[in-house]
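The values are calculated or read from the model by the stated rules, or taken from the named source; none is laboratory data. Keep in mind that what you see is a predicted model, and the values were worked out from it rather than measured. Methodologically, a virtual Cβ is constructed for each residue, glycine included, from the backbone with ideal geometry; neighbour enumeration extends over all protein chains shown. With ligands, DNA and RNA removed, areas are computed over all heavy atoms of the protein, side chains included. Shrake-Rupley method; radii C 1.70, N 1.55, O 1.52, S 1.80 Å.
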Amino acid sequence: MNVTDTDTVTFSDLSRRPKEVAERAARLGRVRVTHRDADDFYLTAADKEDLRDQSLTTASRMFLALMKHDAAARTLLLAMPDVFPWVRHLTEDEVREFTVELVAALSDAAELDADVTTQEVIAGWRATARIKADPSAYRDAKTPTSGDFGSVDVAA
């Protein structure tokens, strides 16, 4: 669902007119609640969210079943450039590996509510394609290094 101004309310609107906002969420399926001092969130009709979860689970199971059959796996591989145009910078084996990892991550999202993994898989492979798209950067990245480059700050 694309978010438009009519799909958005402020946290103050929710506080002042909860029944009206709840009716709107029920009618639209969900509304985005913006908050000045915190992350936005969605107010979602539970039945719509349940259907969305069931759809994701079904799609995930279909992809897993397809991956078990060689001909179907080739079909998924053929679809990858349409969904992720940047895979043209990956080798055939890398596209296959990305496809397997993505389907597994989608399964985890559907079955375990582990949504972040899917985006991590996509971001990791996109980063690989990005470095491989620049021949000099890729050549530099493959150059062996030695020594200690110091501490690494990791954001939590």
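Table for the structure above
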| read-out | value |
| --- | --- |
| Unmet requirement for Ala141, which otherwise passes all of (1) modelled with pLDDT of 90 or more; (2) part of a helix (DSSP H, G or I) | (1) |
| Any hit, the range 44-60, residues being under 30 Å from Lys132 (Cβ atoms) and out of contact with any strand residue (DSSP E or B) (no Cβ under 7 Å at 6 or more places or on another chain) | yes |
| Options Val116, Val121, Val100: the member that is without any contact (Cβ under 8 Å) to a residue 24 or more places away in the chain and out of contact with any Leu (no Cβ under 6 Å at 6 or more places or on another chain) | Val116 |
| Number of the exception - Lys132 against (1) among the charged types (D, E, K, R); (2) assigned to a helix (DSSP H, G or I); (3) open to solvent by 90 Å² or more (accessible area, probe 1.4 Å) | (3) |
| The range 81-129, subset basic (Lys, Arg) and over 19 Å from Phe63 (Cα atoms), residue least open to solvent (accessible area, probe 1.4 Å) | Arg126 |
| Hey, Val21 surrounded by 12 or more Cβ atoms within 10 Å (Cβ to Cβ), more than 17 Å from Leu106 (Cβ to Cβ) and either touching a Lys or Arg at 6+ places or on another chain (Cβ under 6 Å) or among the polar types (S, T, N, Q) (or both) or not | no |
| Enumerated helices (runs of 4 or more DSSP H) restricted to the range 18-126, each holding at least 1 residues that are modelled with pLDDT under 85, more than 26 Å from Tyr138 (Cβ to Cβ) and in contact with a helix residue (DSSP H, G or I) (Cβ under 8 Å, 6 or more places away or on another chain) | 46-67, 70-83, 92-112 |
| The range 8-27 - residue that is over 14 Å from Ala38 (Cβ atoms) and among the β-branched types (Val, Ile, Thr) and, of those, nearest to the chain's Cα centre (by Cα) | Thr8 |
| Scope the range 78-93; condition of a type outside the set (Lys, Arg) and over 19 Å from the mean Cα position of the chain (by Cα); matching residues | Leu78, His89, Leu90, Thr91, Glu92, Asp93 |
| Any hit, the range 43-52, residues being within 30 Å of Glu20 (Cα to Cα), open to solvent by 90 Å² or more (accessible area, probe 1.4 Å) and among the aliphatic types (A, V, I, L, M) | yes |
